Amino acid sequence: MGTAGRINRVREVLAAARLEHVRYAIRDIAVLAEQLACEGKPFLPLNIGDPLLFDFQTPPHLIEAVTKAMRDGKNGYAPSLGIDEALEAVRAEAERNGIRDIQGVFITQGVSEAVEVGFAALLNPGENVVTPCPEYPLYSLVLAQLGAQPNSYRLSEESGWEPDLEHLASRIFTGTRAIIVGNPNNPTGAVYSRRTLEAIAELARQHNLVIFADEIYSKLALDGEPPVSIAALAPDVPVVTMNGLSKAYMVPGWRLGWAVVSGRGVELKAYVEWMQKLLRARLSANHPEQYAVRPALEGPQDHLQEVLAKLRRRRDLTMKWCHAIPRLSCVAPRGGFYAFPQLDIPGSDEDFVKQLLIEKQILVVHGSGFCQAPGAQHIRIVFLPDEATLERAYTGIAAFMREHYS
Ligand SMILES: Cc1ncc(COP(=O)(O)O)c(C=O)c1O
């Protein structure tokens, strides 16, 4: 073949079709914002749940523990499942939370990797997992990677975003392997009642399903009692309880999380072995950061009081504005740092979010990026910024509403 023939032929590298419909709205929408920032229009980021972008600090004793580990030469690969002192601290905390019959504890690169490993060790292509709608979008992304299907169950806005248990039951059919329960919930801010958790556990028991409990916001409950771990209510049901340092200990960049697998030993033996196999193959989670786990879980918790006091004030301010801004209504968040108000507007929430960004330089995420009921429109607001910044943001949103929809 002549040179000309070789030059003209374009051989496109075909990307995986199973990822065609995958979106991660939280960061996808930031691409437009960054373009605007490059044109000299800085924006207020109310899109990403990273406390370190605002006035929250990592507790110094955790930084000291990791620095010491680095100085002590803990810079090679860690044991694949995690270092002993971190595993023991996680197990002890799980037991303090009432979780019994623990069959496996693993340190992972954040809850994100715990989800990946937990799903990959369980699912065959074509099987499905019952995922909440609205949901934190990582779950569906990982399912798509595995050729498995998300199978949405409704969270009911009229009932404070509690799961619609009848709908959840109706979503269990051939090929359903697991249920995801995010508590406290992102994006809705709901904290589920014990009764709801018991009912979900009963469905899992009846249908032989694994429960994935994403409890990354468990220490950021804003009202009343701390949330109950679903694993503590159902020791006989296979539960993968996932948590980590990112949110409550203010180190999302350390990528440090864990999974605790509980339930009956004989039933979980093969599944736990497969998880271990995957964890060995990926070598290890971050090593020096694992030395922060014990000081985090067993050391001083003083920073949490300040964090919770700030979050309560900022949640209350957010709710005040949600009541005041026309065409906006919101179920009060009870955990975490997200509000998920409903918009009563014509058009799509994605267009709303883009226009708000262009005109007012305020970045929130459209509800459709999290799955939502047909016809409903929402935005997710991160209420981490200080009160003055939030006031500025909500004044901007109120003006935008008046200008476009009054
Ligand atoms: C519900 C939920 N689960 C998991 C994660 C990711 O946690 P990690 O940083 O531990 O991977 C997030 C991050 O925003 C989240 O909101």
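No lab work stands behind these numbers, since they all come straight from the coordinates. In this text the structure is predicted, and so the values were computed from the model without any measurement. When we count neighbours, we look across all protein chains shown, and the Cβ atoms used for this are built from the backbone with ideal geometry, even at glycine.
Ordering L81, Q145, V191 by Cα displacement along the dipole of the chain toward the positive end leaves Q145 in first place; charges were set at the Cβ atoms of Lys, Arg (+1) and Asp, Glu (-1).
Among the GluC sites (Glu not before Pro) found in region 21-101, those both in a DSSP coil and sparsely packed, with 12 or fewer other Cβ atoms within 10 Å of their Cβ, are E39. Among the trypsin sites (Lys or Arg not before Pro) found in region 194-278, those both in a DSSP coil and sparsely packed, with 13 or fewer other Cβ atoms within 10 Å of their Cβ, are R264. Shape annotation for region 131-171: C-alpha extents along the principal axes are 33, 20, 7 Å, from largest to smallest. Over region 81-156, the fraction of Cα-Cα pairs per 5 Å bin, rounded to whole percents and listed from the shortest bin up, is 3, 14, 20, 18, 16, 17, 11, 2, 0.
Under a model in which nothing but the beta-carbon of Lys, Arg (+1) and Asp, Glu (-1) is charged, the chain shows a dipole of about 740 debye around its Cα centre.
Estimated from the Cβ-Cβ distance and a Förster radius of 56 angstrom, the FRET efficiency linking Q35 and Q305 is about 0.90. Cβ crowding within 10 Å, taken as a proxy for footprinting-reagent exposure, orders L233, L53 from fewest neighbours to most as L53, L233. Compactness of region 260-360, taken as the C-alpha radius of gyration over 2.2 N^0.38 Å, stands at 1.74. Using the scaling law 2.2 N^0.38 Å as the reference, what is the normalised Cα Rg of region 51-179? Normalised Rg, Cα atoms only: 1.36.
Relative contact order for the chain: 24 percent, from Cα pairs under 8 Å spaced at least 6 residues apart, divided by residue count. Computed over all pairs of different Cα atoms, the Kirkwood value for the hydrodynamic radius of the chain is 22.4 Å. When the convex hull of its Cα atoms is viewed from all sides, region 72-298 shows a mean projected area of 11.7 nm². Quick note on region 362-404: its Rg to Rh ratio, both from C-alpha atoms and Rh being the Kirkwood radius, is 1.03.
With the simple spin-label model, which puts each label point 7 Å out from Cα in the Cβ direction, the L52 to R205 separation comes to 4.2 nm. Among F56, F212, the order by Cβ neighbours within 10 angstrom, fewest to most, reads F56, F212. Checking the cross-link pairs K247/K360; K310/K360; K277/K310; K310/K354; K41/K247; K41/K74 against a 32 Å limit on the alpha carbon distance flags K277/K310; K41/K74 as lying beyond it.
Looking at the chain alone, DSSP beta bridges between its own residues are antiparallel in about 50 percent of cases. What the pair-distance distribution of region 209-322 shows, using all Cα-Cα distances binned every 5 Å from zero, is 2, 9, 15, 18, 18, 16, 10, 6, 3, 2, 0 percent.
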